[in-house]
Every structure is written in structure tokens, then in C-alpha cells.
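Following: one structure in C-alpha cells, then a few remarks.
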2 protein chains.
Amino acid sequence: MTGDRLDAAFMALADPTRRAIVARLARGDATVTELAEPFSISMPAISKHLKVLERSGLITRSRQAQTRPCHLEREPLDAAIDWIETSRQLWNARFDKLEAHLHAVQATPSKKGTSR
Amino acid sequence: MTGDRLDAAFMALADPTRRAIVARLARGDATVTELAEPFSISMPAISKHLKVLERSGLITRSRQAQTRPCHLEREPLDAAIDWIETSRQLWNARFDKLEAHLHAVQATPSKKGTSR
DNA sequence: CCCTTACTGAACCAAAAGGTTATATAACTG
DNA sequence: CAGTTATATAACCTTTTGGTTCAGTAAGGG
């Protein structure tokens, strides 16, 4: 359902510049110029990154005089985490099952061909 | 420090096909043919995706007769989650601070120029 | 030894990503 | 209204990405 949204979020987070922007915005809203400051790329490049982030839903932008303050949205970040978390939990579940199996085998060595 | 590794992990997870492969592998190891089965793309395309996943550290591959079983590694998945989680926590901390501030303001309306 | 199964590699291609510079636009400032 | 500040758009370029097809290689099976 949210597959498309999730796709956009992961796409957006794939770029290190955009991740840095997200990390910065996690500390508080910032204008485009402020966000651009740490990087050695042009303003239009930053503008493009922000557009990608905006379309992915990771950020929203308002208007304040000439500036366009950027705001980090929590939901897409949550969606990304949820996806990874699910995979990780399945991975764990699988591991636990193996553990359980090994325990069962050890507990009843005569059954299930534990010979040797 | 792990910035490069993190970069590779997010890059790898940006593609929906690769995320589907990761999700599949979370349920257990699988061969290349098995992984390719749900998709309508060619085997070499799958092979390329697997190489991306392998170089990102998300999966490892062994050899079993002619097949190359793929195995999901947990660490890069953890690294990705950690990064997002950190951002999210900062986001929350910021919010909490605001809440605290508002509470403080409400508690002592005469101080700090709450005049309106 | 050949044949099939299971992949991988090489060469190629179209589209997208990320960057640039130069040119708008939008809002405040004098 | 002219000028400055803050940001966006347009046009363009290069590299990367994701896909293709057409061989190659590697390991059993007959």
C-alpha cells in the first residue's frame, strides 16, 4: 500500500547529502541557505535535493518573508524504520527457530537421527 | 566512521527490487534462481542486484554445487536503522524541549515576557 | 565426454541522477 | 521604483543505474 511512499523515502535517503540535510533538520527547522552552508555544492543543487526530499514526504516547506524554512516530517522516517525492522524481526525469528530446533535436538538425542 | 558503509546500505535499499530480495532473504537463505522467480526481469539483472547487495554488505554468498545460496547479513540493516533512529530521536527531543518550554511558560506566566 | 543447470561477465543502451551556469521570481528595503 | 536577498527554473552536461542480449564458466548427471 505505502509501497510507493516507502520507495520515495528510501530513494531520498540513499544520497549522503540528503541524509546530512535530514540529520540537520532533525535538530530543528532551517532555511535553504542554512542547509546549504555545510556543503560545497551550488544552491540549485541543494534546491534539487530539497525537492526530492519534499516529494518523498520527508520534509515540508513553508514561507517566511523571502526564506523557505524546511521542516522534517516524522512519518516517512517511521515508515522506513518499520520496513527495516520487519525484515530484521523475520531474520531474528528465523534464527530463534533454528536455536529452538538445536535445543530440541540436544534435549532428545535419541530422536530425529542425532546419531554421532 | 561507518559513513561509507551506511552509504552503500542505503543505496542498496533504495531499489524496490533489492528491497524485495532483502525481504525474501529475511525469511531464509535462497538461491539466485529462487530469488529471481517473483520478478519479470532477466537473470543477469538479478545477478547485478545481488552484486550491489553483496558489495553493500547486506548479503553474503556461498557455493553449494552449482547454486549460490544468498544469506542476509544483519549488521548493515542495523546500521541503517541506527541512523534513522538517531534522527528520529533528535526530532523527538526537539519536540519534547518545545513542550517543556511551553509548560514552563504556562507555569510562570509573569516571567520571560509571556505578555501577549 | 557431452549436456543440462545455475549462474556470471561483457558489451551495449536509454533513462535518471547529480552537478553546473545563467536566468527568473518573490519579497523585503531604501 | 530600484536594489538586494533568498530561492527556484531552465538548459545543459556527465556519470550512474537498471535493464537488455549474447556469450562464457562451473559443477553435477547420463
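The values are calculated or read from the model by the stated rules, or taken from the named source; none is laboratory data. Keep in mind the model is a prediction, meaning the values are calculated, not measured. Virtual Cβ from ideal backbone geometry, glycine too; neighbours counted across all protein chains shown. With ligands, DNA and RNA removed, areas are computed over all heavy atoms of the protein, side chains included. Shrake-Rupley method; radii C 1.70, N 1.55, O 1.52, S 1.80 Å.
At-a-glance table
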| item | result |
| --- | --- |
| Per residue accessible area in Å² of segment A:3-73, where ligands, DNA and RNA are left out and the probe is 1.4 Å | 52 Å² |
| Anisotropy class of segment B:2-76 from Cα gyration tensor, a/c 1.5 cut | prolate |
| Estimated FRET transfer efficiency when R0 is 22 angstrom, pair B:Arg27-B:Thr60 (beta carbons, to 0.05) | 0.85 |
| Contact order normalised by residue count of segment A:3-73, Cα under 8 Å, 6+ apart, percent | 38 percent |
| Residues losing 50 Å² or more accessible surface upon assembly, segment B:78-92, compared with the chain by itself, 1.4 Å | B:Ile81, B:Trp83, B:Ile84, B:Arg88, B:Leu90, B:Trp91 |
| Protein heavy-atom accessible area occluded, A/B pair - total, 1.4 Å probe, Å² | 3100 Å² |
